[in-house]
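Undergrad: After the structure tokens below, expect a handful of questions from me.
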Amino acid sequence: MQQVPALEDQRLLRTTSYVDGAWEAGEAREVLAVNNPATGATIAEVRTANAADTRRAIEAAHRAFGEWRRTTVKERAGILRRWYELTIEAAEDLAVLMTAEQGKALFESRGEIQYGASFIEWFAEQAKRADGDVFSGATPHTRAVCIRQPVGVVAAITPWNFPNAMIARKVAPALAAGCTVVVKPAEDTPLSALAMAELAERAGFPAGCFNVVVGNPQEIGAELTGSPLVRKLSFTGSTAVGKLLEEQCAPTLKRTTMELGGNAPFIVFDDADLDDAIAGALLSKYRNSGQTCVCANRFLVQDSIYDEFCERLVAATGELVLGNGADEGVTQGPLINTEAIAKVTGLVNASIEAGAECVMGGKPADLGECFYPHTVLRDVTPDMPVFRNEIFGPVAALTRFKDEAEAIALANDTDAGLCAYVYSRDIGRVWRVAEALEYGMVGMNEGIISSEMAPFGGVKASGWGREGSRYGMDDYMDIKYLCVGGLDR
Ligand code: NAP
């Protein structure tokens, strides 16, 4: 069944890779079917790119870098700003396209387009602020100056869970810094990436500055990580693939940004405002059907409020509506594909077998092959699979704790270190716990924390580098020290 999404501007639906300013059919001549996870219908067929196409994209980016790096910051800011404006004008089409290929509820897709665009707008502004520094000279006749320069060609490999924003968060700061980019989007969601390239072309980026290659991840990944022309890899995805890519980048010693998986604790103390905590829990847990790297993965709830929190969470979760994300009133769409269903089912079943009690959901829903219902598990212990692994599905796993020390120990009992949440009205406790948590980001009485103005990123096995904020361009710039001598002559 073929079901092409109806867009006001049908030219946003591109089905070939974008290399050196041209829409290329690709040498591989193989076709990738893009399916709607809610209906199973094919919404488009994309001609894939292979290693040779990727090499051409890298060479084009390398050629374009020579000119792009010499443009003034004002010129770069202007084109980025235009890209932002075109994105906002096309927001509804981009959201419809995203829901069709990714499945998330339409209001969430609309939110993601605005969120992604906010990074383009922000880095259009930040482009003008990539200043250097002047230091004291080591001798009377010298002065020390540092300037910032773009690293060169950047490869960006991105996941399907935020098909627009994960690209915008990398490409906008890279282009603002004067770098050029080759993006490899996820095979499940290439259409959002190609639509971004279409708008970037209209905005006026010169050919070769922004390339998108769609195709086999291993083949394209090997080319991007192996090429000496690529100076930097920015990756968002699983920790397992991040480790592999890091190895592949070692021979050419590329700089890397690694935005990897999470296993977020959501700690609720007995002095928390429970209305706030439940509202935050719903947002943090079920957004994108639980498929975000910052989703609450483990609810750690203090003994005396454990039963009440569980009951209230089940009641509030019962208000959510699972269905086709394009339908009115639906709050949660399907999971991305049947492998995701198998993974979530496996983690839930194994945890129930190990002694967790399922108080809601727990079996794939009867709406289509990619639907998993909102699920709540209680009496989860640290040895269980839902505690140890990133679930990436709409499953709330509840564990009880006695005191602050135990909450911190449980929260840190994982390799991951992306995002954590703490709910308590005791300001001293919130600070103490936030400082003790081994995470790159902490929501303090807040369930949604991402913004273009704040630094997003993790520690430990969640990776390194920061996206967004005034630090967001640092990953795409080298610092060059200039020692100015001869001042005495
Ligand atoms: P994934 O399997 O690691 O895939 C991410 C990207 O890597 C996709 O484009 C994928 O291509 C590509 N890829 C896979 N194997 C590759 C290889 N051998 N060589 C080169 N590229 C390869 O992750 P995912 O399942 O799509 O995304 C979910 C993960 O991303 C979760 O762990 C989540 O926490 C993490 N994530 C982290 C952040 C953050 O900011 N820290 C944000 C969002 C998501 P194909 O899709 O075509 O296979």
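Undergrad: Report every pair of residues separated by at least 6 positions or lying on different chains whose Cβ atoms are under 8 Å apart, first residue within the range 230-241 and over 18 Å from Ala60 (Cβ atoms), second more than 7 Å from the ligand (Cβ to nearest atom) and aliphatic (A, V, I, L, M).
TA: Ser234/Val154; Ser234/Ala155; Ser234/Ala156; Ser234/Ala174; Phe235/Ala156; Phe235/Met258; Thr239/Ala416; Thr239/Ala461
Undergrad: In the range 334-347, is there at least one residue being acidic (Asp, Glu) and in contact (Cβ under 8 Å) with a residue 40 or more places away in the chain?
TA: No, because not a single residue in the range 334-347 is acidic (Asp, Glu) and in contact (Cβ under 8 Å) with a residue 40 or more places away in the chain.
Undergrad: Still on this structure, I have one more. Among the residues of the range 150-166, which ones are assigned to a loop (DSSP other than H, G, I, E, B) and either more than 15 Å from Gly472 (Cα to Cα) or within 6 Å of the ligand (Cβ to nearest atom) (or both)?
TA: Passing the criteria: Gly152, Thr158, Pro159, Trp160, Asn161, Phe162, Pro163, Asn164.
Undergrad: Sort out which residues of the range 328-338 are within 22 Å of Pro385 (Cβ to Cβ) and more than 20 Å from the chain's Cα centre (by Cα), and write them in order of number.
TA: Thr338
Undergrad: Can you work out which of the residues in the range 193-223 that are among the aliphatic types (A, V, I, L, M) and away from the ligand (no atom under 15 Å from the Cβ) is surrounded by the fewest Cβ atoms within 10 Å (Cβ to Cβ)?
TA: Out of the qualifying residues, it is Ala207.
Undergrad: Looking at Asn297, is it surrounded by fewer than 20 Cβ atoms within 10 Å (Cβ to Cβ) and either modelled with pLDDT of 95 or more or not polar (S, T, N, Q) (or both)?
TA: So Asn297 fails the test.
Undergrad: Tally the residues that are of a type in the set (A, V, I, L, M) and outside any loop (DSSP other than H, G, I, E, B), restricting the search to the range 430-458.
TA: Total meeting the criteria: 7.
Undergrad: Scan the range 192-206 residue by residue and report those that are under 18 Å from Gly237 (Cα atoms) and among the hydrophobic types (A, V, I, L, M, F, W, C).
TA: Ala193
Undergrad: Filter the range 245-259 for residues that are in a strand (DSSP E or B) and not basic (Lys, Arg); which is nearest to the ligand (Cβ to nearest atom)?
TA: For the range 245-259, the residue satisfying everything is Glu259.
Undergrad: Six or more apart or on different chains, Cβ atoms under 7 Å: show the pairs whose first residue is in the range 282-302 and within 16 Å of Val348 (Cα to Cα) and small (Gly, Ala, Ser) and whose second is within 16 Å of the ligand (Cβ to nearest atom) and assigned to a helix (DSSP H, G or I).
TA: Partner pairs satisfying both residue conditions: Ala296/Ser284; Ala296/Lys285.
The values are calculated or read from the model by the stated rules, or taken from the named source; none is laboratory data. It should be emphasised that the depicted structure is a prediction, and the values quoted were computed from it without experimental measurement. Cβ sites come from the backbone with ideal geometry, for glycine too, and all protein chains shown count toward neighbours.
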